[in-house]
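The values are calculated or read from the model by the stated rules, or taken from the named source; none is laboratory data. Just so it is clear, the model here is predicted, and its values are computed rather than measured. Here Cβ is always computed from backbone atoms with ideal geometry, including for glycine, and neighbour counts include all displayed protein chains.
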Amino acid sequence: MPVTSPTAQLGLSYTLTSIGIALVPILVRVSGWLATFAVLVLGPVVGILAIRLLSRLSEAARIVSGRG
């Protein structure tokens, strides 16, 4: 059975989320809540930066207009 891109993306995101949730108690025990939240905030920050960077590409305008 072939794996499509959305299937692979969903599986990867589920796996990464599960790992992140499992690591929270370990990080809290080792470094406290403040450091844990500092580590967890990196994901959304990197995501926002990636979206901003990708939105500057010429292909982005084609995709948004439905021609991509």
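State yes or no: is Thr15 at pLDDT 90 or above and either among the hydroxyl-bearing types (Ser, Thr, Tyr) or touching an Asp or Glu at 6+ places or on another chain (Cβ under 7 Å) (or both)? Walk me through how you get there before you give the answer.
On the way: at pLDDT 90 or above: yes; either among the hydroxyl-bearing types (Ser, Thr, Tyr) or touching an Asp or Glu at 6+ places or on another chain (Cβ under 7 Å) (or both): yes.
Yes: the conditions hold for Thr15.
The set of residues in region 23-54 being surrounded by fewer than 10 Cβ atoms within 10 Å (Cβ to Cβ), over 24 Å from Val64 (Cβ atoms) and within 16 Å of the chain's Cα centre (by Cα) consists of Leu42 alone. Within region 41-66, residues that are at pLDDT 85 or above sit with their Cβ atoms under 8 Å from residues that are part of a helix (DSSP H, G or I), at 6+ positions apart or across chains, in these pairs: Gly43/Gly20; Leu54/Ala60.
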